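Heads up, the thing below is written out as structure tokens.
The values are calculated or read from the model by the stated rules, or taken from the named source; none is laboratory data. Predicted, not measured: the structure shown is a model, and the values here were computed from it. So basically every Cβ, Gly included, is an ideal-geometry build from the backbone, and we count neighbours across all protein chains shown.
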């Protein structure tokens, strides 16, 4: 066995061992909770625009995109645009004709301006509308025509009802062996009362929507290896891989 294959084999075993290491997992959870309280994920940018994500999740997304090679990525909830630029930069590196479709109910003027003026804007399509309205899905579908591999990232309203509706609408667009990544499932692991000014919290969040979705939809499974690898993620149980 050559050195590269041996390295990958050793890494796979190490990641598998992490899954059984409760002490290590607990340390990761404590770190995650403390960083959420300190708004740690707001500290980073991607090619000039703020990207409100954990670096660990960004690394995982990079691996997924490079391996699955999508030519269309749909993102709900674009915030300040950094994640759109991240996805667009990955598609640029793949060298295909890929596009990113960004959906948000409120794309503020200053955010739109920075996105449109970015060097990678030619790969981005913006839809300002609620992600769970039929007209929005109708606007997305034409972009998907002729696309061979589609990936979805859900990161907008975090209530169970909203995410469940998004899963019902956009998960069917995901291609075989590609991913639907549901962010902020970590809300379920946060202490009670962590979101007093929000409409989501324990028992009402993306993770509860994912759990319900997987009970009836057998086309997707949780990629547990990704979560074990990261140890720190805003999307525990949220990396959903289409298997049929």
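Of note:
- Of all residues in region 133-140, none satisfies being closer than 24 Å to residue 233 by Cβ and touching a helix residue (DSSP H, G or I) at 6+ places or on another chain (Cβ under 9 Å).
- Meets criteria (assigned to a helix (DSSP H, G or I), crowded, with 20+ Cβ neighbours inside 10 Å and modelled with pLDDT of 95 or more) for residue 181: no
- Selection within region 162-178 - assigned to a helix (DSSP H, G or I) and closer than 21 Å to residue 224 by Cβ: 163, 167, 171
- The criterion of at least 2 residues that are surrounded by 13 or more Cβ atoms within 10 Å (Cβ to Cβ), touching a helix residue (DSSP H, G or I) at 6+ places or on another chain (Cβ under 9 Å) and at pLDDT below 95 is met by the following helices (runs of 4 or more DSSP H) wholly inside region 1-101: 3-20, 22-37.
- Residue list for region 196-206, filter: surrounded by fewer than 16 Cβ atoms within 10 Å (Cβ to Cβ) and at pLDDT below 90: 196, 197, 198, 199
- Scanning region 199-217 for residues being part of a loop (DSSP other than H, G, I, E, B), under 18 Å from residue 239 (Cβ atoms) and over 18 Å from the mean Cα position of the chain (by Cα) gives a total of 1.
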